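*Asks:* Here it is, the structure in full.
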Amino acid sequence: MRIVRWFLIIAPVVVLAVLVWHPATGWLVRRQLNPAPILDALEVEHSISGVREAEIARRYPDDYQVQLAWAIRGVDGDRVRRLQALLERFGDRPALCAHILRYASGNQVAIRRPEQNLGATVPMPPPSLPPPPAEELEELERVAILGEQLDPDNAFFPLACGYLLCGASGSGGGRRHPARQPNDPF
């Protein structure tokens, strides 16, 4: 039993030593044992790809897919601003409205209610961001209404508008969806 144990310990060490010593495989083993150059190469490749992406976005200003990919790249707050800038050129696409609302609801509008802590073992923390300014909420409501007009069968847009209305004051503040009739239950 001891011999098998020693063999299982020594055999991989010997194989690794042979692989390091052999010229055809030594460079690969040394590179894998030292990951710093690989990480540096990945970082350089990432910055180069960012430059390439920016050039491609400038080269194809009327290509919706290219502009959408460029706008989504980056930090959430920047994403929303870049996506909103695309509304001027591509305002006839409900998917663009949906992207704006999705990224805005991810970081700009947060709903925290006391009921969500009922029965929870660990209470949810209060929102770390202050509520967005009224102008920002109104712009996002306009985007939700535009998306609903472009795709009236899509339930995402009224739901997103409701989420924005709740995010304005925590409970909706008695406001109704501007595109709805007073007797409409939704």
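The values are calculated or read from the model by the stated rules, or taken from the named source; none is laboratory data. All values reported here derive from a predicted model rather than from experimental measurement. Cβ atoms come from the backbone with ideal geometry, glycine included; neighbour counts cover every protein chain shown.
*Asks:* Of the numbered conditions (1) farther than 27 Å from Pro61 by Cα; (2) modelled with pLDDT of 60 or more; (3) surrounded by 12 or more Cβ atoms within 10 Å (Cβ to Cβ), Leu96 satisfies every one except a single condition; which is it?
*Replies:* (1)
*Asks:* If you don't mind, there's one more thing I want to ask. Is it true that Val44 is modelled with pLDDT under 80, hydrophobic (A, V, I, L, M, F, W, C), outside any loop (DSSP other than H, G, I, E, B) and over 23 Å from Glu148 (Cβ atoms)?
*Replies:* yes
*Asks:* Now, a different point. With the condition kept exactly as written, say whether any residue in the range 67-78 is farther than 19 Å from Leu165 by Cβ, among the aromatic types (Phe, Trp, Tyr) and at pLDDT 65 or above. Working first, answer last.
*Replies:* Taking the range 67-78 as the starting set, the residues that turn out to be farther than 19 Å from Leu165 by Cβ are 67-78.
Adding the requirement that they be among the aromatic types (Phe, Trp, Tyr) leaves 70.
Then drop every residue that is not at pLDDT 65 or above, which leaves 70.
Checked the range 67-78: at least one residue is farther than 19 Å from Leu165 by Cβ, among the aromatic types (Phe, Trp, Tyr) and at pLDDT 65 or above.
*Asks:* Can you work out which of the residues in the range 133-166 that are of a type in the set (D, E, K, R) and surrounded by fewer than 19 Cβ atoms within 10 Å (Cβ to Cβ) is farthest from Asp92 (Cα to Cα)?
*Replies:* Among those residues, the one meeting the criterion is Glu135.
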